[in-house]
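Every number in this text was worked out from the coordinates using simple rules, so none of it is lab data. Since this is a predicted model, take the numbers as computed values, not measurements. Every residue, glycine among them, receives a Cβ derived from its backbone with ideal geometry; neighbour counts consider all protein chains shown.
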Amino acid sequence: MPPPWKTHGTGYFEPQELGSLGDGVVIEAGVMVFNPVYVHLGNHVYVGHRAMLKGDTRNEFVVGEGSWIGQDCYLHSAGGIRIGRDVGIAPRAMILTSSHEETPPGTPIMHGALELEPVEIGDGSDVGLGAILLPGTKLGAGVLVGAGAVVKGEFPDYTILAGVPARILRSREGS
């Protein structure tokens, strides 16, 4: 029996279909938004070319005022995404909020139930080029994530993270 795949649609949307749209928002050409009613963009948000914002019926996707989402980003909000104010997300970064539960040997992993966990990014943080934020990640205010980092867990305000898996390199406080 073939899998029960269904199309998610084209990602084409009209700005007025978003759950909320602040003033001065820039959405570049090629941006795709799925389930737009669950996507909320604050004032003066920038969304770069070809970014994919995957809203989801199970949770909200909220981007705070003055935040910047770079080109070719992939943000999937099944578990919920909250991006604070004045956050930078560099091109090709990814935010994932779901994963498959482990399955017994002989059962395809993708047949496991989905586990959903939110991702939160504190005000004034910056996520580097190609970084990946995994389900359950919570970044405090002013956190700097290095390029290519793979981040999972909770990190306090004003820390610098890098690596695979990401670890704290130092604090930005007092610098």
Given H placed on each backbone N at 1.01 Å, which residues far from A149 in sequence or on other chains put an amide H within less than 5 Å of it?
A131, I132, G163
Identify all lysines with a Cα-Cα distance to K6 below 19 Å; exclude those on the same chain that are fewer than 8 residues away in sequence.
K54
Range of Cα positions in segment 56-124 per principal axis (Å), largest first:
47, 22, 18
Could you tell me which GluC sites (Glu not before Pro) in segment 99-175 are loop residues by DSSP with no more than 16 other beta carbons within 10 angstrom of their beta carbon?
E101, E102, E173
Rank R85, R50, R58 by mean-square fluctuation in a GNM of the chain with C-alpha springs under 10 angstrom and give only the top-ranked residue.
R58
Rank G64, G19, G122 by mean-square fluctuation in a GNM of the chain with C-alpha springs under 10 angstrom and give only the top-ranked residue.
G19
Scale the Cα Rg of segment 1-72 by the rule-of-thumb value 2.2 N^0.38 Å and send over the ratio, two decimals.
1.17
Most mobile of I27, I109, I69 in a GNM of the chain (Cα contacts under 10 Å)
I109
Across every pair of different alpha-carbon atoms, what Kirkwood hydrodynamic radius in Å does the chain reach?
16.6
Assign one of three labels to segment 86-125, namely rounded, prolate or oblate, based on the Cα gyration tensor with a ≥ b ≥ c the square roots of its eigenvalues; rounded applies when a/c is under 1.5, prolate when it is not and a/b is larger than b/c, and oblate otherwise.
prolate
For segment 1-95, which chymotrypsin sites (Phe, Trp or Tyr not before Pro) pass both filters: DSSP loop (anything but H, G, I, E, B) and at most 13 other C-beta atoms within 10 Å?
W5, Y12
Nearby lysines by direct alpha-carbon distance to K152 (threshold 18 angstrom, same-chain neighbours under 8 apart not counted):
K138
